[in-house]
Amino acid sequence: MPTGTHRKPRLLHVSDLAYPARGRRYCDEDLHLSARLREDFDVALCHPLDAAALMDAFDAVLVRNTGPVLHYQEAYDAFRARALADGVRVYNPLTGRADMAGKQYLLDLTAEGLPVIPTVDRLDDLAALPDTDLYAVKPKAGADSIGLRFVPREALPPLATGANLIQPRIDFRYEVSFTYIDDAFQYALYAPDPDRRWELVPYEPTAADLAFADRFIAWNTLSHGIQRVDACRTQDGDLLLVELEDLNPYLSLDRVDTPVRDAFVTALTSSLRDFLDA
């Protein structure tokens, strides 16, 4: 942003307010967030399909609850290519190595020996997975559980095309999510009932929990941005990465106390200002 000006930075807040997210209300979260950010920025809300046409008039584009981009992949690819070519400031920056770039990172993390649900994409590599009665199969380009299915081993051959990820079905105690801004932990939430993923309550992480989540934040090397580390707690008590969301993580701000929510907005505002000044 140019120096010497006293106007507020202009922020294009991208959200699909009408997306029917299961167990979440995108519109409530983004309307609240845009109202809070308006204290420090001139904010305009737009649909993801309109972002490319509008972004040149703003100092930065804030990508929030836009829904799975596979529903408008061509338009998203065009937005991304133009933003990179024109040097548009997009938050999160378009250099993420996790969900922003597809699901290949789960294969990469498995190969690196990090604590992730073991993942392969070929039948020849099944021996690298623990024995299980059922396998989770999901598209590499998937999101929001779209295309996810659980199948026995004999059903795998036609699905093991390289376009799908194959994982053992994990008998876990619960799922837990750690939300970060830049490299700073903000809050954690968990779903006590594994069958009700979005019925979340606050979670007090241990030092070991945070060391687990910090490891993936460091791996992603994003200088700025909001990230959510999703993990499952196995019956043995270990944490395994389920997903590293660095594109448009839902924040579940309605599930945290007001002081936590206020601290998050303060941290996000500071991060956005640093991002604009970088």
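Some notes on this structure:
- Some residue of the range 250-265 being in contact (Cβ under 8 Å) with a residue 12 or more places away in the chain, open to solvent by 50 Å² or more (accessible area, probe 1.4 Å) and part of a loop (DSSP other than H, G, I, E, B): yes
- Put simply, of Ala127, Ala160 the only residue that is over 25 Å from the mean Cα position of the chain (by Cα), aliphatic (A, V, I, L, M), assigned to a loop (DSSP other than H, G, I, E, B) and more than 25 Å from Tyr72 (Cα to Cα) is Ala160.
- Condition check for Ile170: within 22 Å of Pro139 (Cα to Cα), in contact (Cβ under 8 Å) with a residue 24 or more places away in the chain and either crowded, with 19+ Cβ neighbours inside 10 Å or not polar (S, T, N, Q) (or both): yes
- Matching entry among Leu54, Leu62, Leu49 (being in contact (Cβ under 8 Å) with a residue 12 or more places away in the chain, outside any loop (DSSP other than H, G, I, E, B) and buried (at least 21 other Cβ atoms within 10 Å of the Cβ)): Leu62
- In this entry, Leu210 passes the filter for residues that are under 26 Å from Asp108 (Cα atoms), among the hydrophobic types (A, V, I, L, M, F, W, C) and out of contact with any helix residue (DSSP H, G or I) (no Cβ under 9 Å at 6 or more places or on another chain).
- Verdict on Ile181 being out of contact with any Gly (no Cβ under 9 Å at 6 or more places or on another chain), open to solvent by less than 60 Å² (accessible area, probe 1.4 Å) and either closer than 23 Å to Ala111 by Cα or not polar (S, T, N, Q) (or both): no
- If you go through the range 131-167 and keep only what is among the aliphatic types (A, V, I, L, M) and touching a residue at least 24 places away in the same chain (Cβ under 8 Å), you end up with Leu134, Ala136, Val137, Ala141, Ala143, Ile146, Leu156, Ala160, Ala163, Leu165, Ile166.
- Checklist (1) modelled with pLDDT under 95; (2) open to solvent by 70 Å² or more (accessible area, probe 1.4 Å); (3) acidic (Asp, Glu); (4) not in a helix (DSSP H, G or I) applied to Asp193, failing item: (2)
- The range 140-157, residues that are at pLDDT 85 or above, open to solvent by less than 50 Å² (accessible area, probe 1.4 Å) and either under 13 Å from Lys103 (Cα atoms) or part of a strand (DSSP E or B) (or both): Val151
- Residue in the range 71-86 that is of a type in the set (Asp, Glu) and open to solvent by less than 60 Å² (accessible area, probe 1.4 Å) present: no
- Of the residues screened, Ala188 is not one that is closer than 30 Å to Leu62 by Cα and not in a strand (DSSP E or B).
- Every condition in (1) within 16 Å of Leu241 (Cα to Cα); (2) in contact (Cβ under 8 Å) with a residue 40 or more places away in the chain is met by Tyr91 except one, and the failing one is (1).
- Any hit, the range 25-39, residues being open to solvent by 30 Å² or more (accessible area, probe 1.4 Å), more than 22 Å from Arg261 (Cα to Cα) and without any contact (Cβ under 8 Å) to a residue 40 or more places away in the chain: no
- Taking residues in the range 209-222 that are in contact (Cβ under 8 Å) with a residue 12 or more places away in the chain and of a type in the set (Asp, Glu), and partners anywhere that are open to solvent by 10 Å² or more (accessible area, probe 1.4 Å) and not in a helix (DSSP H, G or I), the pairs with Cβ atoms closer than 8 Å and at least 6 places apart or on different chains are Asp209/Leu239; Asp214/Asp183; Asp214/Phe185.
The values are calculated or read from the model by the stated rules, or taken from the named source; none is laboratory data. Nothing here was measured: the structure is a model prediction, and the numbers come from that model. We place every Cβ from the backbone using ideal geometry, glycine too, and count neighbours over all the protein chains shown. These accessible areas exclude ligands, DNA and RNA; they are computed on the full protein's heavy atoms, side chains included. Shrake-Rupley method; radii C 1.70, N 1.55, O 1.52, S 1.80 Å.
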